[in-house]
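Here's the structure, in structure tokens; my notes come after.
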Amino acid sequence: MWKLDIHGIVTVHLFRPFQLLASPIVFLMALYASYVYGLFYLIITNISEAFYLTRGWSGTIATLPNVSLLLGVIIGSFGNMLWSMKYAKLVRDNGGQAIPEQRFPNMMAFSWFMPVGIFIFSWTCRAEIHWIAPCVGIAFTGIGFITIFQGCINYLVDMLPQYSASAIACNTFGRSIFAASFPLFAKQLFINLGVHWGGSVIGFIALGMIPIPFYFFKFGKSIREKSTFVH
């Protein structure tokens, strides 16, 4: 007969995800993934507002730039697939053992697409510049988003295979908070600072996070070896 283990549920399913956040790698990976996830929702919910403020677009027309975000995500997903094939070969050559830090080269190559895309969108979203320019920026943002987000998830799973569910849980908790809160202040951000500087604020934060995969690519292995959960 199945027995409900309350102690196990509390310690494993409720507390462990938060315990994992004490690890610098898990915390920063969750923070990075959560931030770009929040930006993704911010863009989806406020693109129409930005085009209304700068170009006077309204209704369905103002939502069409979301298509460029979708295009960027598709392109980025294709890049992720190609790198996953490369990564699978690296794992085979390593005797079937995961190499978590080899998840980072793809992020290192394309993470800059997100802040650059935000800056392009922010400073070309004006009536005198053709609408295709900010849409290119939005597409760049989509490429950066899916590359960073998927890379963070893959790294956590490879780093903590025995605790992958808990690692994903703390990531999900963080990104849900960001995704729920970012759209709430975005409209005020664009109205008070304008689309140009409002977008630049979130772009500079994304720019500041770019060193994260570079740092852990170099030092991640030594940090992991000191982690209690890895062992």
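Laboratory data are not the source of any read-out in this text; all were calculated from the coordinates shown. Here the structure is a predicted model, which is why all the values come from computation and not from measurement. Methodologically, a virtual Cβ is constructed for each residue, glycine included, from the backbone with ideal geometry; neighbour enumeration extends over all protein chains shown.
What fraction of the Cα pairs in the stretch 20-75, stated in percent, has a spacing above 17 angstrom? Of all Cα-Cα pairs in the stretch 20-75, 52 percent lie more than 17 Å apart.
As a rough guide to protection, the peptides 57-64, 145-152 ranked by mean Cβ packing within 10 Å, highest first, stand as 145-152, 57-64. Between the stretch 57-126 and the stretch 129-165, how far is it from one alpha carbon centroid to the other, in angstrom? When both Cα centres are located, 5 Å separates them. Across the stretch 30-225, the mean sequence separation of Cα contacts (distance under 8 Å, 6 or more residues apart), normalised by length, yields a relative contact order of 36 percent. Close Lys pairs in the chain, defined as Cα atoms under 21 Å apart and 8 or more places apart or on different chains, number 5. What do you get for Rg/Rh of the chain when both radii come from the Cα atoms and Rh is the Kirkwood radius? Radius of gyration over Kirkwood radius for the chain works out to 1.04.
Working note: Karplus 6.51/-1.76/1.60 with θ = phi - 60° gives the stretch 15-31 the couplings 8, 4, x, 6, 5, 5, 5, 5, 6, x, 5, 4, 4, 6, 5, 5, 5 Hz, where Gly and Pro are set to x.
Placing +1 on the Cβ of every Lys and Arg and -1 on the Cβ of every Asp and Glu, with nothing else charged, gives the chain a dipole about its Cα centre of roughly 280 debye.
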